[in-house]
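Shown next, in C-alpha cells, is the structure this report addresses.
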C-alpha cells in the first residue's frame, strides 16, 4: 500500500501547499478564464487546504480484493436495521414520497431504498470537508484525477450559485453530499427544492433528498410503470454470450433464441422482483449474472429502469440491492 501511495502522490508533491503547485495554478487560471472566478480568492482557498491521506486510503483498491459475492454484498444492504429504518423513513415522509412518485413516476420505495443504501437515511453522510477531499483526489490521485477536477469545478460553481463558502460543504471521502450522496455535478443539475423553502438542502432536508433522487432517475430515463428486473432461470449454450453483452438493455428476451430464459419461481419470504406468469415483457433487456462463490449463480433480466438505477452507481450489484431493499419496503406501504 505504501509503495502504491508513493506512486500516486510523491512525498514532495503531497507536502507542498496546493496553492504553490503548478497544476493547481493552471486550474485556477482555467476557472478564471472560463467562469470569471477571482484567482486571488481561489488561491486563498487552496492555501487553506491540506492533503487528506485518509481520502487516498479510502479510495484505494484493497490490497486483497477477494472474490466478489452477490450474497455478501446484498447482505450489507438488505438487512434488518436498514429495513426497519426504511419503514420509519417511509412512514415519516409518506406525503413527499407520494408527491415525488406522482411528479416523476418513480415508485416511493425505490427512492427510499436508494437513500437507505447510500446513507442509512442520513446516518452516514460523510465527515470530510468536500473541498479538501476533492482537491486531494483531483491533484493527488492520478487514476481518476480528471473526474475529480470536474467535480471540484462543479463544487466551486455550486458554492458561487448558493453564496456559500466552498469550505463549508461536508461530504464523503469521494465528495458526495447529503442524504442521497450526490456529487456536486448531480447536486447542481438534479437537486430539487422539494420542501419549498427556497433552497436545496440535501444535508438535512429529507424532502429535498426525496425530490432530488426522483428527479435524478427521471432525468436519466426512468419510465413510469415500466418493468424493472425479473429473476429468471436460464439454460442453453447462449447464456454466457448474453451475459457478456453487458447491462445495457439491447434486445428483447424473445430475441435470445440460444438461451432458455424463464421467470424464476420465487418462494414465500423472498424479495426479488418476479412475474406471475411465463411471459417476459417484450422490451429491450439485459441478462445479468449475480455470482456468489460456492453457490448457484443468480440471474436477472434487467430492463430500462434497472439500467437507470446503475446511472446512480454503475454497478449491477448496487442496482439489485436497491431493488431488493425496495421490495422489502413496499410491504409496509
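No lab work stands behind these numbers, since they all come straight from the coordinates. Computed from a prediction, not measured in an experiment: that's the story for all the values here. Neighbour counts run over all protein chains shown; Cβ positions are idealised from the backbone, glycine included.
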Practice task
Any chance you could list P(r) for region 113-243, counting all Cα-Cα pairs in 5 angstrom bins from zero, rounded to whole %?
Solution key: 2, 10, 17, 19, 17, 12, 8, 7, 5, 3, 1, 0
Exercise for the section: Output the peptides 292-305, 120-133 sorted from most to least packed, where packing is the average of other Cβ atoms within 10 Å over each peptide's residues. Expected result: 120-133, 292-305
Handout entry: Burial ranking of peptide ranges 199-206, 17-24 (average Cβ count within 10 Å, highest at the top)
Key = 199-206, 17-24
Exercise for the section: For an R0 of 22 angstrom, estimate the FRET efficiency from the Cβ-Cβ distance between residue 95 and residue 220 and round to the nearest 0.05. Expected result: 0.35
Handout entry: Relative contact order computed over the chain (Cα-Cα under 8 Å; 6+ residues apart), in percent
Key = 18
Practice task
Mind giving me the FRET efficiency for residue 87 and residue 34? R0 is 45 Å, r the Cβ-Cβ distance, nearest 0.05 is fine.
Solution key: 0.45
Exercise for the section: Wrap a convex hull around the Cα atoms of the chain, take a quarter of its surface area, and give that in square nanometres. Expected result: 18.8
Exercise for the section: Enter the per residue convex hull volume of region 192-233, computed from alpha-carbon coordinates, in Å³ rounded to the nearest integer. Expected result: 100
